[in-house]
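Throughout, read-outs are computed from the coordinates displayed, never taken from laboratory work. In this text the structure is predicted, and so the values were computed from the model without any measurement. Quick reminder, even Gly has a Cβ in these numbers, built from the backbone with ideal geometry, and neighbours come from all protein chains shown.
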Amino acid sequence: MSKGKKSEKIKLSELTPEEQLKYEVAEELGLLPKVLEEGWKSLSSKETGKIGGMVNQRKKKL
């Protein structure tokens, strides 16, 4: 079974600042290993909402 894009390594240096923030928040919540192994679609709506909420809070502070 092919994993497609999931098997590609993520280059943090090539991400936009917004994408970097999203990965940072996922790491803080302990979800980064799951995201790296299975992709963003593997997250529940609750997990995704938590990440989105924290990203928005940080963007407002900037």
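Which whole-Hz couplings ³J(HN,Hα) result when phi for each residue of segment 46-62 is put into the Karplus expression 6.51 cos²θ - 1.76 cosθ + 1.60, θ = phi - 60°, listed in order with x for Gly and Pro?
Whole-Hz 3J(HN,Hα) from phi for segment 46-62: 5, 5, 5, x, 5, 4, x, x, 5, 4, 5, 4, 5, 5, 5, 5, 7.
Percentage of Cα-Cα pair distances in segment 15-61 greater than 17 Å, rounded to whole percent?
Percent of Cα pairs beyond 17 Å in segment 15-61: 26.
Rounded to the nearest 500, what is the 222 nm mean residue ellipticity of the chain from helices alone, with -39500 (n - 2.57) per DSSP H run of 4+ residues and division by all residues?
Roughly -18000 deg cm²/dmol at 222 nm, from the helical runs in the chain.
Quick one: if you stick a label point 7 Å off each Cα along the C-beta vector at K46 and K9, how many nm between them?
3.5
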